[in-house]
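A.B. asks: Quick one: the structure is below, questions incoming.
Throughout, read-outs are computed from the coordinates displayed, never taken from laboratory work. Bear in mind that the values here come from a model prediction, so they are computed numbers and not experimental data. Cβ sites come from the backbone with ideal geometry, for glycine too, and all protein chains shown count toward neighbours.
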Amino acid sequence: RDGARPGGPRAPRLAPATAPATPEIQRAARQAPRPGSQTLDRRVDDDEDTRRKAAGAASKPISRAKGATQRREGRLTIQAVAGDDEGAVERMRSLASVRRAREREREKRKGGVQEQARVSREVVIPDVITVAELSNRMATRGVDVIKFLMRQGMMVKINDVIDSDTAELIATEFGHTVKRVSDSDVEEGFLGAEDMDEHMEVRAPVVAVMGHVDHGKTSLLDSLRQADVAAGEQGGITQHIGAYQVKLPNGQKVTFLDTPGHAAFTAMRARGADVTDIVVLVVAADDGVMPQTIEAIQHAKAANTPIIVAVNKMDKPDANPTRVINELLQHEIVAESLGGETQVIEVSALKKTGLNDLIEAILLQAEVLELKANPDRTAEGVVIESKIDRGRGAVSTVLVKRGTLKRGDIVVAGAKFGRVRALLNERDEQVPSAGPAEPVEVLGLDGAPSPGEAFAVVESEARARELTEYRIRLKREKAGAPIASGVSMADFMAKMQDKKISEMPVIIKADVQGSAEAIVGSLDKLATDEVRARIILSGAGAISDSDVMLAKGSGAPILGFNVRATSQARQLAEREGVEIRYYSIIYDLLDDVKGVMSGLLAPEQRETFLGNARVLQVFDITRVGKVAGCRVTEGVVRRGARVRIVRNDIVVLELGVLQTLKRFKEEVAEVGNGVECGMAFQGFQDIQEGDVIECFTIEEVKRSL
Ligand code: GDP
């Protein structure tokens, strides 16, 4: 009977409950025959029994409590009775062991489940997995897994997908340990943890040059790099997005982002890449503050990036820097000469004057910012620009934020990856590596990642593949999804639940400057100590795509008053998931904002005392844990209400909700004064006699402005 049991000899591994029979009998077999009554004992023999016998306590098999043992004893008793001597048992044993030996032999030949189980591996199980892949990871044959599942009543084919729970069950049954991973886990560790202070070294500042068109951004960037490109340029819009690093005679370095105005700056910010440390705002001395100057100021302020003003074209006869300084004052840029914080430098990009002062100012600002990074680690940074070059393949300009990027590294940038084949600096020279704040062109990626996407070096190609495959899948899923995650009033409601923000950023666009100011004024009046609207930008005119990018970058919805979005902006907003709301009545707008801001107010919590109960006795119940037998001494105790445990007038624990409340064996909803009841507290095992359980409810009262 024993030997015929399926999986006999190795059964212990899979089903410990049926295990003891076999070793016992074997052990019994090894022992010399003794008079009948003792044989019984010996056969049910286990270590405990041996010990007991040794202690002289005559252990009668019947007295044993365990059901399984009793059964076994019963069976053996009958055998013993039938054989009535040791010889019979001996014969039985041989037969069983022969069967077992055969069984073992057969298992070995077919390389069964149990054989495989000997090597315990850590099996990584993702959200879903095919049977084939799972068996692969367990180094088991697929048929064995299928057989196992069949025995569990699950019919699967080798390429069927099973969920992670089933997969985990299988893996543990096969004797492996399991590591559950979720799809998004692959992102974990892509960007490393913060660096320790002692590893930080001073790095070069990253500077973006912004300003109104034709005020001389390109000329300035060019003269800073001592190469004149703008001279041959028509119009003034620069097409190239790149970066370069200037090395100063004293060895210091400054990295300039060679971006065409604000678009790139904001686009990068929208993707969460704040690479710019300092903004140089170029204002032509003969032209003064212009719309794009204002826009640049707003963008820089939204990003919390310090501004250095370069008053350009000082060589012109009608240059008027004082006027520029005064105009900037209206936009809360207070020059140092007026007692403010902003450095204003007069330059001429054309005549190359004042450039040293400008660089000096940048370095000073950089020193204030204490820019540091750890160069001694795997590189991480941001993609600044990328293109597919005929002949060279994908060429991406990246800015290393920390660590050192080396040739041969495996890089993942967005959904693209590759081994770095070559690194080129701004002078088109091959370099072996690039450290913090150094921009380099990277050759070797399998495609062009988007500007603003983060890149990082990963340890292996497999890891790179895993990451990019996940991201590509995610992108595809997102493209299919109707609404991209973005910025909307509803999002605020959701975020508000986390109570993380008490500030509501908004962008206001109105038909005329006057109404924009009126709206801003009214919103300011709504502000309280706890919540306020933060106006990222307010202005007159249609909602442009630059507004949308700014909105995306700063997580603010756009409120339009008597204006519409340009079709470009509308499409962009749709794509980026930025909400644009239109109003024609100021009060509607204010009401909406008020509504969201009221939501931002943390609700008031009002506590109502329900009753007290004293713990009379504590019971330890298997599987349930500690259960407190209590008597209600005051008020009532209610299931579902909140409880706290008070010991000697000190609150030991604020517990969540009282989940178990019993009266005799019945679950009850409420127990009144003077009545005894039982309570269990999940996760809290330190309940003691004499503790007082205070029961109360918390009411959340919404507040409004
Ligand atoms: P961007 O549109 O801001 O990039 O401006 P550009 O750099 O293309 O310059 C616009 C025009 O202003 C060009 O014709 C430049 O030659 C001219 N310009 C730039 N800087 C100076 C300067 O310092 N002095 C004078 N006189 N002209 C300048």
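A.B. asks: Which residues among the stretch 573-612 fall inside the zone where the amide N is under 18 Å from a point 7 Å beyond the Cα of Phe696, along Cα→Cβ?
C.D. replies: Residues passing the 18 Å test: 603-612.
A.B. asks: Excluding Gly340 itself, what net charge comes from residues whose Cβ is under 15 Å from its Cβ, given Lys and Arg +1 and Asp and Glu -1?
C.D. replies: Cβ neighbours under 15 Å give a net charge of -3.
A.B. asks: State which entries of Lys147/Lys475; Lys253/Lys387; Lys253/Lys301 exceed 31 angstrom in Cα-Cα distance in the structure shown.
C.D. replies: Pairs exceeding 31 Å: Lys147/Lys475.
A.B. asks: Quick check: net charge around Arg392, other residues with Cβ under 10 Å of its Cβ, Lys/Arg +1 and Asp/Glu -1?
C.D. replies: Neighbourhood net charge equals +1.
A.B. asks: Could you let me know the centre-to-centre spacing of the stretch 143-163 and the stretch 520-585, using Cα atoms, in angstrom?
C.D. replies: Between the Cα centres of the stretch 143-163 and the stretch 520-585 lies a distance of 55 Å.
A.B. asks: Calculate, for Lys387 and Ala139, the FRET efficiency according to 1/(1 + (r/R0)^6) with r their C-beta to C-beta distance and R0 35 Å; round to the nearest 0.05.
C.D. replies: 0.20
A.B. asks: Let me ask another. Amide H to amide H, which residues 5 or more places from Ala641 or on other chains are under 5 Å from it, using H placed in the peptide plane?
C.D. replies: Leu658
A.B. asks: Which value in nm describes the separation of the simple spin-label points at Arg427 and Asn304, placed 7 Å from the Cα toward the beta carbon?
C.D. replies: In this crude label model, Arg427 to Asn304 measures out at 3.7 nm.
A.B. asks: Run the simple label-point estimate for Glu469 and Thr322 please: 7 Å along Cα→C-beta, distance reported in nm.
C.D. replies: Between Glu469 and Thr322, the simple spin-label model gives 7.0 nm.
A.B. asks: Right, here's the next one. Can you compute log10 of I(q)/I(0) for the stretch 613-705 with the Debye formula, treating each Cα as one identical point scatterer, at q = 0.16, 0.17, 0.20 Å⁻¹?
C.D. replies: For the requested q values the scattering log ratios are -0.59, -0.66, -0.90.
A.B. asks: Hey, another quick one. If you take every residue apart from Tyr582 with its C-beta less than 15 Å away from the C-beta of Tyr582, what net charge results, scoring Lys and Arg +1 and Asp and Glu -1?
C.D. replies: Its environment carries a net charge of -3.
A.B. asks: Neighbour counts of other C-beta atoms within 10 Å: give me Thr255, Thr353 arranged from fewest to most.
C.D. replies: Arranged by neighbour count, lowest to highest, Thr255, Thr353 become Thr353, Thr255.
A.B. asks: Dividing the alpha-carbon radius of gyration of the stretch 323-397 by 2.2 N^0.38 Å (N being the number of residues), what value is obtained?
C.D. replies: On the way: Rg = 19.1 Å, N = 75, 2.2 N^0.38 = 11.3 Å.
It is 1.69.
A.B. asks: Cα atoms only: what Rg and Dmax, in Å, come out for the stretch 652-705?
C.D. replies: Considering the stretch 652-705 through its Cα atoms, Rg and Dmax are 14.4, 50 Å.
A.B. asks: Let me ask another. Just subtract the alpha-carbon distance of Arg151 and Gln688 from 0.36 nm times their residue separation and send over the number in nm, one decimal.
C.D. replies: Details: separation 537, 0.36 × 537 = 193.32 nm, distance 4.71 nm.
Extra length from Arg151 to Gln688 when fully extended: 188.6 nm.
A.B. asks: Kindly state, as a whole number, the per residue volume in cubic angstrom of the convex hull around the alpha carbon atoms of the stretch 267-383. Walk me through the numbers before you get to the answer.
C.D. replies: Numbers: hull volume 14.8 nm³, N = 117.
Taking the convex hull of the Cα positions in the stretch 267-383, it is 127 Å³ per residue.
A.B. asks: Hey, with R₀ at 45 Å, roughly what FRET efficiency would Ala193 and Asn673 work out to, going by the Cβ-Cβ distance, to 0.05?
C.D. replies: That gives a FRET efficiency of 0.25.
A.B. asks: How many percent of all Cα-Cα pairs in the stretch 390-483 sit more than 21 Å apart?
C.D. replies: 31 percent
A.B. asks: Moving on to the next point. Stretched out fully, how many nm does the piece from Arg606 to Lys247 gain, at 0.36 nm a residue minus the Cα gap?
C.D. replies: Stretched fully, the Arg606-Lys247 segment lengthens by 123.0 nm.
A.B. asks: Separate question: Report the calculated FRET efficiency for Ser522 and Glu360 (r = Cβ-Cβ distance, R0 = 45 Å), to the nearest 0.05.
C.D. replies: On the way: r = 44 Å, r/R0 = 0.97.
Taking R0 as 45 Å, the efficiency between Ser522 and Glu360 is 0.55.
A.B. asks: Compute and list, largest first, the equivalent-ellipsoid semi-axes of the stretch 122-187 from the alpha carbon gyration tensor, each √(5λ) rounded to a whole angstrom.
C.D. replies: That gives 19, 12, 10 Å for the three semi-axes.
A.B. asks: Still on this structure, I have one more. By count of other Cβ within 10 Å, fewest leading, how are Thr140, Thr305 ordered?
C.D. replies: Thr305, Thr140
A.B. asks: Give me the extension gain from Arg663 to Gln571: residue separation times 0.36 nm, minus the current Cα-Cα distance, reported in nm with one decimal.
C.D. replies: Values: separation 92, 0.36 × 92 = 33.12 nm, distance 6.32 nm.
In short, 26.8 nm is gained.
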